[in-house]
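Here is the structure we will look at.
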Amino acid sequence: MMDKLKVGVIGVGHMGQYHVNVSVNIAQVEFVGCFDADANRLKEISERFEIPAVPDLDDLIDRADALVIAVPTVLHFDIAKKCLERGKHVLVEKPMTETVEQARELVNLAEEKKLVLQVGHVERFNGAVMELKKVVDRPFLIEARRLAPFNPRIADVGVVLDLMIHDIDIVTNLLGEEIKSVRAAGTSAFTKHEDVAAAVIQFESGCVANISASRATQNKIRTLTITQEKAYIILDFATQDIDIHRMASQAYLMTREELKYRQESFVEKIFVHKDNPLR
């Protein structure tokens with residue numbers, strides 16, 4: 001029988017609590033404790049989930065084989081580096097670090113020590129995104145919109161690292177191509193960082209991605225659309241629904257045996273397994 005992986009969570013705020021909840025319910029994991037700089041919050045989460053509270057960060061690192069880092073972005077680099085230097089696998093919440101240089105240093109350190117270093121891009125494991133990969137075929141245009149009201153909980157980074165990074169990761173992962181050019185603009189609304197941003201990314205194949213993100217919008221919109229030769233695909237992240245519009249015959253539509261869908265005129269609706277992408 002394989003030994004269980006000893007896991008600890010550093011930071012039990014909004015995202016840290018999700019990681020605690022998932023970790024304690026994985027059969028292959030032995031949850032060894034959590035740490036938070038806020039002693040009251042640490043005590044509350046420890047009692048709610050009935051898990052060990054570890055008030056000393058170094059102690060928690062010593063106990064674990066792998067650490068989940070869910071602290072403010074400004075602390076990601078120092079804590080992740082400490083964990084890697086002590087031979088621990090690391091899952092760090094997005095954004096990975098404040099700068100590209102810091103991220104590269106962590107990647108190099110993990111490679112040098114042969115450790116797993118992963119970033120918490122949970123949208124990549126969204127059931128709808130995983131199904132989307134099955135129907136994307138040489139797209140011409142991808143448009144992503146991730147708009148939300150302002151939340152003061154995240155003000156240490158701009159909207160690019162806070163929200164847009166999800167769609168950048170999804171689009172680059174879907175295409176698997178080198179980026180040819182990037183044009184971008186943004187503006188501040190509530191913080192010292194950009195709160196609204198738009199980017200146009202062109203890939204080597206010629207595909208253009210228009211990606212917009214806002215945390216200054218009085219509505220929550222999270223959509224991604226794809227234009228390709230024989231289909232227009234709409235993904236709604238909120239409902240995890242995928243609609244495919246085609247100008248095609250019924251005979252053609254029914255040849256897609258690997259997909260489960262129902263035909264509605266010239267629209268296919270993909271059936272998506274909707275689950276917590278953190279699992």
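Values quoted throughout were computed directly from the atomic coordinates according to the rules given, and no laboratory measurement underlies them. Since the model is a prediction, treat every value here as computed from it, not as a measurement. With ideal geometry, Cβ positions are generated from the backbone for all residues, glycine too; neighbour counts draw on all protein chains shown.
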Sites Asp58 and Ala189, calculated FRET efficiency, Cβ-Cβ separation with R0 41 Å, nearest 0.05: 0.55
Cβ-defined net charge surrounding Gly186, 12 Å radius [Lys, Arg +1; Asp, Glu -1]: -1
Gain on full stretching of the segment that runs from Arg246 to Asn108 - 0.36 nm per residue minus C-alpha separation: 45.2 nm
All lysines inside 23 Å of Lys230 as judged from Cα atoms, apart from same-chain residues fewer than 8 positions distant: Lys133, Lys134, Lys260, Lys269
Estimated inter-spin distance, Phe125 and Ala198, nm [label 7 Å along Cα→Cβ]: 3.4
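Run through every distinct alpha carbon pair of the chain and return the Kirkwood hydrodynamic radius in angstroms, one decimal place. Write down the numbers at each step before the final one.
Numbers: mean 1/r = 0.0484 Å⁻¹.
About 20.7 Å, per the Kirkwood formula over Cα pairs.
Taking the number of other C-beta atoms within 10 Å as the exposure measure, put Ile26, Ile211 in order starting with the fewest. Can you show the working numbers first?
Working: Ile26 13, Ile211 26.
The fewest-first ordering by Cβ neighbours comes to Ile26, Ile211.
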Prolate/oblate/rounded call for region 114-166, Cα gyration tensor, a/c under 1.5 rounded: oblate
Nearest 10 degrees, 0 to 90: helix 165-175 Cα axis against the chain principal axis: 50
In Hz, Karplus ³J(HN,Hα) per residue of region 19-26 (6.51, -1.76, 1.60; θ = phi - 60°; x = Gly, Pro): 5, 4, 4, 6, 4, 5, 9, 9
Region 73-198 shape via C-alpha gyration tensor axes, a/c threshold 1.5: oblate
For region 103-179, size of Cβ-based charge dipole, Lys and Arg +1, Asp and Glu -1, in debye: 200
Separation in nanometres of the label points that stand 7 Å from Cα toward Cβ, at Glu47 and Arg86: 2.7
Per-residue HN-Hα couplings for region 93-110 [Karplus 6.51, -1.76, 1.60; θ = phi - 60°; Hz; x = Gly/Pro]: 5, 6, x, 4, 8, 6, 10, 5, 4, 5, 4, 4, 4, 5, 4, 5, 5, 5
Amide hydrogen neighbours beyond the local backbone of Gly120, cut-off 5 Å, H modeled: Val92, Glu93, Lys94
